[in-house]
Amino acid sequence: TGALFFIDRLYGGEDKKRQWLERILPQPLSESAKLSTIYTKKANDYQEAGVVLINKAKRIKSMLSICLVNTLPLRDELHNYTHGDKESYWLGFEMAMEPYSMMTTPGGCIGTDREFEGDHREYEKVCGRPAHFDRLGRLMWFNDGV
């Protein structure tokens, strides 16, 4: 397809984000957009933006669309519904109506977050840095600070 993106960790899911997608994306919505974790309300985020693979020569129209949604005033609206520029990659492809591929498995995590109060551990939760695995389940990439 000329682009490969990775699904972010799954958490949350809001109807207002689904409505936002329906408002900004070309109609009728593509099957790819309908499968997004934002549209299906499985998560508040869809794309992990720490790693993207794009054939810029093949997908220049989408690259220009990504640039456009990251300029004012569109960037303000994007950031109002997302965490920074992370969703702008797949949204740019949707707006340019060009194909892209998304890894079918969501990202995982490496590590845990531990909160301490004095010498006593208050709580521990699974969190840590985003990680992505290949189709065989081998660690392929992880985001900083491990």
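The values are calculated or read from the model by the stated rules, or taken from the named source; none is laboratory data. Remember, predicted model here, so these are calculated numbers, not experimental data. Note that we place each Cβ from the backbone using ideal geometry, even for glycine, and neighbour counts take in every protein chain shown.
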Study note, to complete from the structure: Per the filter on the range 25-46, residues loosely packed, with under 14 Cβ neighbours inside 10 Å and of a type in the set (S, T, N, Q) are GLN27, THR40
Review point. Mind checking which pairs have a first residue in the range 56-77 that is surrounded by 13 or more Cβ atoms within 10 Å (Cβ to Cβ) and a second that is in a loop (DSSP other than H, G, I, E, B) and not aliphatic (A, V, I, L, M), Cβ under 7 Å, 6 or more apart or different chains?
Key: LYS58/GLY2; ARG59/GLY2; ARG59/GLU98; LYS61/GLU98; SER62/GLU98; MET63/LYS56; ASN70/ASP85
Study note, to complete from the structure: Residue set GLY128, GLY84, GLY111, GLY107; condition modelled with pLDDT under 80, exposed (fewer than 14 other Cβ atoms within 10 Å of the Cβ) and of a type in the set (Gly, Ala, Ser); output residue GLY111
Check your understanding: Quick one: GLY2 ticks every box in (1) on the phi > 0 side of the Ramachandran plot; (2) within 16 Å of the chain's Cα centre (by Cα) bar one, so which box is it?
Key -> (2)
